[in-house]
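The values are calculated or read from the model by the stated rules, or taken from the named source; none is laboratory data. Owing to the predicted nature of the structure, the values given are computational and were not obtained by experimental measurement. When we count neighbours, we look across all protein chains shown, and the Cβ atoms used for this are built from the backbone with ideal geometry, even at glycine.
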Amino acid sequence: MSVSVDGYIAGRDGGLEWSVPSEELFRFHTKQVLQLGAYLLGRRLYETMLVWETDPSLRDGDDHAAFADAWSALPKVVFSRTLDRVEGNARLATAPLAEEMAAAHGATDKDVAIGGAGLAAAAIERSLVDELRMFRNAVVIGGGTPYLPPVTEDLPLELMETKAFGSRVIYERYRRSRATSA
C-alpha cells in the first residue's frame, strides 16, 4: 500500500491524490500483482479497484491493459458487512479472516495479499501477516487513515528489500522477524 512519510494511507478527507503512481511504479505494481495467488480485501478497496475489471476505458495503453488483465485474473475475497454480492473475479468472504486466509493459502503456492486498512489491521492483530510491503511517498499529510493499527506488543521486522522510484517513492518490504530476544 502507499503510505505517507508520516504513516497514513489516506488523507483526512480520504483523498489519495498524493499517491498516484508514476509509469515506472505502475509497472512495478503490475509485476507484484502477477506474483500473487489471491487477494483478500475490504469493501472500500474492492470498490476502488473494481473499475480495473469493469471499465474498458482503463485499458487505454499497454501498461494499463497489462494491469487490468493481471488484476482481473487474480482471485479476490471481499470482506464486507454491507455488500450482498460482488462482481469480477471476486467472492464474498463466508468465514472468519483466519479461515479465509488459510483457504487462500491452501489454494495457491503464491503469496496472498491483504489490502484495506481495516482488514489489514485485523490481520496484523491476529498475527496473520508475514510481510509488510509499503510504498513510502515523499509527502507529509498530517492525519487520516493510518497504515498500521495500534499494537499492544512490539512487532519485530527484518528489512528484506528496498527500491527507489524517481525521487517520490521508496518501496520497503519487511518480513516478520522470527528471532527471539534472550
message: Condition first: closer than 14 Å to Leu45 by Cα and in contact with a helix residue (DSSP H, G or I) (Cβ under 9 Å, 6 or more places away or on another chain). Now tell me which residues in the range 89-116 satisfy that.
response: Ala90, Ala113, Ile114, Gly115, Gly116
Hey, Ala65 under 15 Å from the mean Cα position of the chain (by Cα) and either surrounded by 13 or more Cβ atoms within 10 Å (Cβ to Cβ) or not in a helix (DSSP H, G or I) (or both) or not: no
statement: Checking Glu172, Glu158 in turn, the sole residue that is in a strand (DSSP E or B) and within 14 Å of Ser2 (Cα to Cα) turns out to be Glu172
- prompt: Which strands (runs of 3 or more DSSP E) does the range 1-47 wholly contain that include 1 or more residues that are within 16 Å of the chain's Cα centre (by Cα) and within 15 Å of Asp69 (Cα to Cα)?
  reply: 36-42
- request: For the range 97-106, indicate whether the set of residues that are of a type in the set (A, V, I, L, M, F, W, C) and closer than 17 Å to Met1 by Cβ is non-empty.
  value: no
message: Just to be sure I understand the filter: pairs with C-beta atoms under 8 Å, separated by 6 or more residues or on different chains, first member in the range 142-171 and over 18 Å from Gly116 (Cα atoms) and modelled with pLDDT under 95, second member polar (S, T, N, Q) and part of a strand (DSSP E or B). Which pairs pass?
response: Arg168/Asn137
- prompt: If you go through the range 111-138 one residue at a time, how many are surrounded by fewer than 19 Cβ atoms within 10 Å (Cβ to Cβ) and on the phi > 0 side of the Ramachandran plot?
  reply: 1
task: For the range 140-150, indicate whether the set of residues that are surrounded by fewer than 16 Cβ atoms within 10 Å (Cβ to Cβ), touching a helix residue (DSSP H, G or I) at 6+ places or on another chain (Cβ under 8 Å) and assigned to a loop (DSSP other than H, G, I, E, B) is non-empty.
output: yes
- line: Scanning the range 74-123 residue by residue, the ones that are within 25 Å of Tyr147 (Cβ to Cβ) and either among the hydroxyl-bearing types (Ser, Thr, Tyr) or part of a strand (DSSP E or B) (or both) total 12
query: Name the pairs whose Cβ atoms lie under 7 Å apart, with the first residue in the range 121-140 and in contact (Cβ under 8 Å) with a residue 60 or more places away in the chain, the second surrounded by 15 or more Cβ atoms within 10 Å (Cβ to Cβ) and of a type in the set (Phe, Trp, Tyr), and 6 or more positions between them or separate chains?
result: Met134/Tyr147; Phe135/Tyr171; Asn137/Trp18; Val139/Trp18
field: Meets criteria (of a type outside the set (Phe, Trp, Tyr), more than 19 Å from Tyr8 (Cα to Cα) and modelled with pLDDT of 95 or more) for Pro96
entry: yes
